[in-house]
Amino acid sequence: MPGGRGDVKGDGHARWGRQRYIWRHDSPGPFQSPCLYDQLTRGGFSPEQARASAEALETAFSESVATKTDIAELKHGTELLHRDFAEAEARLRLEISQSKNDILRRVFGFNLALIGAVFAIIKFAH
């Protein structure tokens with residue numbers, strides 16, 4: 001393999017043996033499969049073992065490892081949720097306060113009407 005990384009074609013793919021595998025230069029993972037493949041073959045793995053190990057590790061890491069970008073996005077999302085909850089809480093507090101004032105105003109008005117009705121009944125009864 002020239003350059004120790006497999007035959008790199010212009011289409012962004014590398015050839016290892018007879019099969020074709022994607023070589024992602026912009027891979028967000030902690031390693032790139034071609035580099036790992038080369039290290040494993042230099043370390044004594046057969047090409048099949050190296051390929052299988054590189055693919056298995058890339059799959060495992062791509063599905064279960066969070067990158068700094070993932071964590072930053074999660075933190076940003078959490079901050080947005082916190083802000084949304086704070087806004088919702090403020091709106092709820094305002095609505096509760098307005099409802100409380102409305103209830104007090106109605107109760108006060110009802111009590112005034114009731115007192116007025118009692119005085120009217122007493123005046124007409126005598």
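What to note about this one:
- Segment 68-99 and segment 100-119: distance between their alpha carbon centers, rounded to Å: 39 Å
- R0 of 30 Å, Cβ-Cβ distance residue 45-residue 70: FRET efficiency to nearest 0.05: 0.50
- Heavy atoms of residue 59 accessible to a 1.4 Å probe, total area in Å² rounded to 10: 70 Å²
The values are calculated or read from the model by the stated rules, or taken from the named source; none is laboratory data. Note that this is a predicted model, so its numbers are computed, not measured. A quick note on method: Cβ atoms are made from the backbone with ideal geometry, for glycine too, and the neighbour counts reach across all protein chains shown. In case anyone asks, the SASA skips ligands and DNA or RNA and just uses the protein heavy atoms, side chains included. Shrake-Rupley method; radii C 1.70, N 1.55, O 1.52, S 1.80 Å.
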